[in-house]
Amino acid sequence: MIHDGETRAIDFDNSGFTWYLYDLATALSFIEDRPDVPALIAAWLEGYRWVAPLPRAEEAEIHTFLMPQRKLINARIGSHPKTDLAKSLGDAYTDGTAALAETYLARFG
């Protein structure tokens, strides 16, 4: 992919035939707890709606895609604690995952 004259790599690790809203979850990986996430989700959904309607029932499941993606990354960090990524995120990422899970369960549980 070319951006501003520079060649950039695309990580297709999470691509495949799956729920298209999972794309949103992977795009928000590592930043799910930022305060601007609702605005990012709204912008993403606007892009989807530009192409096709998005049923409200599917929109309601967005956080159901965000939570497992976050937990998968947390599991990867836990199973590879000596990696630079795990070291850089530290315990704060796990604490953030637990907080997001509590919020999710309080809302949808």
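Here region 19-108 is described by how far its Cα atoms reach on the three principal axes: 44, 27, 23 Å, from widest to narrowest. About the centre of its Cα atoms, the chain shows a dipole size close to 240 debye [charges on the beta carbon of Lys, Arg (+1) and Asp, Glu (-1) only; nearest 20 debye]. Scanning the chain for long hydrophobic helices, with DSSP H runs required to stretch 20 angstrom or more by C-alpha along their axis and to average at least 0.5 on the Kyte-Doolittle scale, returns 37-51. Comparing F108, F30, A52 along the charge dipole axis of region 19-108, the residue lying farthest to the positive side is F30, per the Cβ-charge model. Of the residues L54, L40, L28, the one that moves most in a GNM of the chain with alpha-carbon contacts below 10 Å is L54. Helix content alone sets the calculated 222 nm mean residue ellipticity of the chain: runs of n ≥ 4 DSSP H residues at -39500 (n - 2.57) each, divided across all residues, give -20000 deg cm²/dmol. Arranged from fewest to most other beta-carbon atoms within 10 Å of their beta carbon, V51, V37 become V51, V37. Using the Cβ-Cβ distance between A52 and A27 with R0 set to 30 Å, the FRET efficiency from 1/(1 + (r/R0)^6) comes to roughly 0.95.
Read the figures in this text as sums done on the coordinates, not as results from a lab. Keep in mind that this is a model prediction, so the values were computed, not measured. Please note: Cβ atoms are built from the backbone with ideal geometry, for glycine as well, and neighbour counts cover all protein chains shown.
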